[in-house]
1. Given the pairs LYS50/LYS105; LYS24/LYS47; LYS19/LYS98; LYS50/LYS85; LYS85/LYS210; LYS83/LYS105, which are separated by over 30 angstrom at their Cα positions?
2. Spin-label point model (7 Å from Cα, Cβ direction): what's the PHE143 to ALA10 distance in nm?
3. Let's test the formula: R0 of 45 Å, r as the Cβ-Cβ distance of LYS210 and LYS19. What FRET efficiency results, to the nearest 0.05?
4. At 0.36 nm per residue, minus the direct Cα-Cα distance, what do ILE177 and ILE198 gain on full extension? Give it in nm, one decimal, please.
Amino acid sequence: MQDFIMDIDATLRLINYIKQQHAKGFTSEEIREQLLNAGWEAKTVEKYLKETIIKQEKFEESKEFIELFARYGRFLTEGEEIKFKYNIGLYHAVITTKRLILLRKFPKALIEFNLENIELVEYYTNVKTMKALWAAAYFIGSFLFYFYNQILWDRVTLLIPIADKFLKVHPFFDMNIIALIILSYCIIMGIIDFTNFIFSFIGRVRIMPKGIGPTDIISQMTTEVEQFIQTMQEYMGYKKAMQLQRR
């Protein structure tokens, strides 16, 4: 009886160890090697390793499905099921058996497409080099204008003497109000164009449905984005194959 209890305890320790190592990200091969090095019999290791991991994966899949349904089930129509969910930028992309549903996190919004109507899903980056050139022009112009604006105003007062009353008012930086407005405009536009140039290095996921314009989602090329594009491209390849068969 005591030996039986010890066997149960050893088995439970083995199963718990496999679960813990699997949760930490160790592969089956790595866990197998660890147990064999610890002195466990190969037959016992194979039996419980296979059973435990299969049960764990099935539990994780069912748990994930329940969480997905609880969160996105209200968006489903009759007979529709959730297949995949991905986080892409500010959106949750939910792929069902019928539709692609895009749920924006903030501000809240919902966009949906019938899978049958989607013709293209791609990732692209459009670096806005002209924005960089304009930013450089604004900053250089601001620099030159700051140091040489007095020469400009001297010329203006020669042509329009009455302007001398306004141009002699220097509230900040020994510059008149008009000069401050021009300088502020150049600096602000330079910052805006430079910011747009920097953000243009972040790519976009483009979804092109049939008959309407594309929807672009700003996002880095993450693993989830790669998986989303691959899933959609596999579906579109399957759809084209079915269309060719019908012909």
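1. On the way: LYS50/LYS105 39 Å; LYS24/LYS47 21 Å; LYS19/LYS98 36 Å; LYS50/LYS85 28 Å; LYS85/LYS210 23 Å; LYS83/LYS105 20 Å.
Where the Cα-Cα span goes over 30 Å, the pairs concerned are LYS50/LYS105; LYS19/LYS98.
2. 7.8
3. Working: r = 47 Å, r/R0 = 1.05.
The value I calculate is 0.45.
4. Values: separation 21, 0.36 × 21 = 7.56 nm, distance 3.16 nm.
Full extension from ILE177 to ILE198 adds 4.4 nm.
Values in this text are rule-based calculations from the coordinates and carry no lab data. A quick note: this is a predicted structure, and the numbers were derived from the prediction, not measured. Here Cβ is always computed from backbone atoms with ideal geometry, including for glycine, and neighbour counts include all displayed protein chains.
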